[in-house]
Amino acid sequence: MLALSRLVELAQSVGFDSCGIARARRLDQDALVLSRWLEAEHHGSMQYMTRDFEKRVNPQALVPGCKTVMVCVLSYNKGRKQVEGAPFISQSGLSKCDYHLVMKSYLHELENRITREFGEEVFSSSHQHLFCDSAPILERRWAQLAGIGAIGRNRQLISPVLGSYIHIGILLMNEESDCYSLPFDEDICRDCSLCLHACPTGALRADPFDARKCISYLTIERKEDLPARYEKAVANVLYGCDRCAEVCPYNMLIEPTTHEELSADENVLNMTADDWENLSRRQKLKLLHRLAK
Ligand code: B12
Ligand code: SF4
Ligand code: SF4
């Protein structure tokens, strides 16, 4: 049997900024929201979102025998801005290292320490059980159920301590715990609607959220040509969007990340509009490919 207090200590010893655990189960209500989202085709050309529906809503379908979902987060808050006038790159794209790799190396270390303490049978030997943005699983929802924070009106997972510039990592474990974290059920947005007003395309006003209108989708995921109506919104945007995070009061007084790998890449941060202008198309694509990782 796992012990919540030890799991928290082990996650802290690895360096995670926050963590929690939830009992694995099928998320029936989320399944309804997700199927409504897919039926409305609000996922656009992200075909991967249409696959593995049952696994996405049920970790026990993803990893047979899974009993406990552990969620760990790292802050990537840069506390820094690009040079005025430079084409916009979101905070997550400005990190020194690929966040998928950073998160996975922390998760691997945590897995090792949990195995040493609780035994090898905690983790499935036949199924991948460690993820960050790499598997069909509702990461933000599990983070909320594990008590890390709430899903705000901007659709992001907001920790009252760390804000929303946080990456979410998941470990699926085949053991029960002595107790589980309390879900974060507080309505943290209350009467605030700053993000709804800040979103230039109306993506947040759609119910469910319309990813096809999100600048992040338009600049990172979209396969088809950019519809003319979004040209103004994506002008001078290279990669992603943070407008609904920038206005959020929960991101105002947050300290920059203490994780060197997720701090700002000074070379990219200090590039001026002219520096970008002087890059050849090939050089830009190379740099963008590196940001897209
Ligand atoms: C697809 C995807 C995108 C898409 C779609 C975004 C979206 N809102 O779904 C696009 C490309 C637009 C995108 C953008 C971004 N993303 Co993204 N994305 C994902 C991905 C791969 C899946 C998300 C998903 O399942 N969407 C499906 C829809 C239906 O989910 P939803 O709208 O949130 O609704 C769910 C719940 O909120 C809940 N729900 C909603 N309403 C209701 C109502 C009721 C009654 C109930 C019960 C439940 C419920 O049910 C739904 C299903 O659980 C996750 C990784 C993962 N595996 O989870 C990363 C992830 C969510 N993204 C992340 C990041 C960092 C971003 C960006 C900030 C990047 C950037 N700066 O450009 C932006 C933020 C845009 C935004 N406002 O959300 C982080 C989240 C960080 C955080 N603090 O929340 C994740 C977790 C990746 C990671 N591990 O770091 N992303
Ligand atoms: S990331 Fe940008 S476009 Fe997407 S919902 Fe937030 S403000 Fe709107
Ligand atoms: S800006 Fe306001 S409404 Fe939007 S997520 Fe933050 S607190 Fe909630």
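Go through the range 232-252 and report how many residues are over 19 Å from Ala292 (Cα atoms), open to solvent by less than 30 Å² (accessible area, probe 1.4 Å) and in contact (Cβ under 8 Å) with a residue 60 or more places away in the chain. Final tally of qualifying residues: 4.
Among the residues of the range 210-231, those identified as open to solvent by 70 Å² or more (accessible area, probe 1.4 Å) and without any contact (Cβ under 8 Å) to a residue 12 or more places away in the chain are Asp225, Ala228, Arg229, Glu231. Pairs meeting the criteria (first residue in the range 25-37 and more than 9 Å from ligand 1 (Cβ to nearest atom), second residue modelled with pLDDT of 95 or more and of a type outside the set (Val, Ile, Thr), beta carbons under 6 Å, at least 6 apart or on different chains) are Arg26/Asn58. From the list Asp191, Asp207, Asp178, Asp187, which residue is under 27 Å from Phe131 (Cβ atoms) and either away from ligand 3 (no atom under 16 Å from the Cβ) or open to solvent by 40 Å² or more (accessible area, probe 1.4 Å) (or both)? Criteria check complete, one pass: Asp178. Within the range 276-283, identify whether any single residue is open to solvent by less than 30 Å² (accessible area, probe 1.4 Å) and closer than 29 Å to Arg36 by Cβ, and answer yes or no. No: the range 276-283 contains no residue that is open to solvent by less than 30 Å² (accessible area, probe 1.4 Å) and closer than 29 Å to Arg36 by Cβ.
Using the structure shown, decide if Ser134 is more than 15 Å from Tyr165 (Cα to Cα) and either touching a residue at least 24 places away in the same chain (Cβ under 8 Å) or part of a helix (DSSP H, G or I) (or both).
Numbers: more than 15 Å from Tyr165 (Cα to Cα): yes; either touching a residue at least 24 places away in the same chain (Cβ under 8 Å) or part of a helix (DSSP H, G or I) (or both): yes.
It is true that Ser134 is more than 15 Å from Tyr165 (Cα to Cα) and either touching a residue at least 24 places away in the same chain (Cβ under 8 Å) or part of a helix (DSSP H, G or I) (or both).
Every condition in (1) in contact (Cβ under 8 Å) with a residue 12 or more places away in the chain; (2) out of contact with any helix residue (DSSP H, G or I) (no Cβ under 7 Å at 6 or more places or on another chain) is met by Gln12 except one, and the failing one is (1). In the range 253-275, the qualifying residues are those that are without any contact (Cβ under 8 Å) to a residue 12 or more places away in the chain and open to solvent by 90 Å² or more (accessible area, probe 1.4 Å), and the one that is farthest from the chain's Cα centre (by Cα) is Asp274. May I ask you to verify whether Ala143 is part of a loop (DSSP other than H, G, I, E, B), under 13 Å from the mean Cα position of the chain (by Cα) and under 24 Å from Asp30 (Cα atoms)? Here the answer is no, as Ala143 does not meet what is asked. Against the numbered list (1) of a type in the set (Val, Ile, Thr); (2) in contact with a Gly (Cβ under 7 Å, 6 or more places away or on another chain); (3) within 14 Å of ligand 2 (Cβ to nearest atom), Ile148 comes up short only at (3).
Among the residues of the range 97-143, write down those that are within 16 Å of ligand 2 (Cβ to nearest atom) and surrounded by 17 or more Cβ atoms within 10 Å (Cβ to Cβ). If the condition is that a residue be within 16 Å of ligand 2 (Cβ to nearest atom) and surrounded by 17 or more Cβ atoms within 10 Å (Cβ to Cβ), then Arg140 is the only one that fits. For Ile151, which of the numbered conditions (1) within 30 Å of Arg190 (Cβ to Cβ); (2) in contact with an Asp or Glu (Cβ under 7 Å, 6 or more places away or on another chain); (3) open to solvent by 10 Å² or more (accessible area, probe 1.4 Å) fails to hold? So Ile151 meets the others, but not (2).
Of all residues assigned to the range 216-224, none qualifies as being modelled with pLDDT under 95, more than 29 Å from Val71 (Cα to Cα) and touching a strand residue (DSSP E or B) at 6+ places or on another chain (Cβ under 6 Å).
The values are calculated or read from the model by the stated rules, or taken from the named source; none is laboratory data. Quick caveat: nothing in here was measured; it's all calculated off a predicted structure. Note that we place each Cβ from the backbone using ideal geometry, even for glycine, and neighbour counts take in every protein chain shown. All accessible areas refer to the heavy atoms of the entire protein, side chains included, with ligands and DNA or RNA removed. Shrake-Rupley method; radii C 1.70, N 1.55, O 1.52, S 1.80 Å.
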